[in-house]
Amino acid sequence: MGKEEKIQITVKIRVKDMFYFMMYHTYYSMGGIVSLLFSLISFVILLVTWEKVDLPYQVLLMICALLFTVVNPILLYVRSMKQVKLSPALKKPILYTFYDKGFSMQQEKEKASAQWNELWKIVDKRHYILLYGDRVHANILPKDQMDGKEKEISAWIKESRK
């Protein structure tokens, strides 16, 4: 794309967007994989030992099996709801403008920008693009809010990062 070209989108973070980010951030790591394996192994042990162990042990194994597969996602969803509801920054839409060398964000009178080479990581998933400023914080860009520009934006980001 030429130097003068730009793409603009407006994004408002919803509970489902925050939940996706938290699930991705939690489970797409070594700790997330280990926690899922822990729950899976607990479930297998529960099945294998069901008739051989007492009720308290069965309950403990059930809790371990459900901890990272059911309980933690529910907690992450509740946390997502609270964060979206209580954060003033998430109540208003953000205007993103993408340029060859980076992007800018504007929310009412507040403005910020970053160059592509300043980002820690960019994750382009099926429904979201995540622009990580560091290991924990990311700009969440839901593709369903990109007004049909999601392929163009993804391609532009990939090309600009080369």
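The table below lists the values:
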quantity	calculated
Exposure of Thr26 as accessible area (Å², to 10), given a probe of 1.4 Å and all protein chains	40 Å²
Convex hull projection area averaged over all views, segment 93-162, Cα basis, nm²	4.6 nm²
Protein-only accessible surface order, largest first, of Ile74, Ile122 at 1.4 Å	Ile74, Ile122
Paramagnetic reach from Ile74 (point 7 Å along Cα→Cβ, amide N under 12 Å) across segment 51-65	63
Two-site FRET efficiency, Ser29 against Glu110, from Cβ-Cβ distance with R₀ of 41 Å, rounded to 0.05	0.85
Helix runs (DSSP H) in the chain reaching 27 Å along axis by Cα, Kyte-Doolittle at least 1.0	30-49
Contour excess over end-to-end distance, with Cα ends at Arg135 and Cys64 and 0.36 nm allotted per residue	22.7 nm
Hull-based mean projected area of segment 35-79, where the convex hull spans the alpha carbons, in square nanometres	3.0 nm²
Net dipole in debye of the chain [+1 Lys, Arg Cβ; -1 Asp, Glu Cβ; about Cα centre; nearest 20]	340 debye
Whole-angstrom Cα spans of the chain along principal axes, big to small	71, 35, 26
For the chain, calculated [θ]222 nm from helices alone, where every DSSP H run of n ≥ 4 adds -39500 (n - 2.57)	-14000 deg cm²/dmol
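The values are calculated or read from the model by the stated rules, or taken from the named source; none is laboratory data. Please read these numbers as outputs of a predicted model, since none were measured by experiment. Note that we place each Cβ from the backbone using ideal geometry, even for glycine, and neighbour counts take in every protein chain shown. Just so you know, the surface numbers come from the protein's heavy atoms only, side chains and all, with ligands and any DNA or RNA stripped out. Shrake-Rupley method; radii C 1.70, N 1.55, O 1.52, S 1.80 Å.
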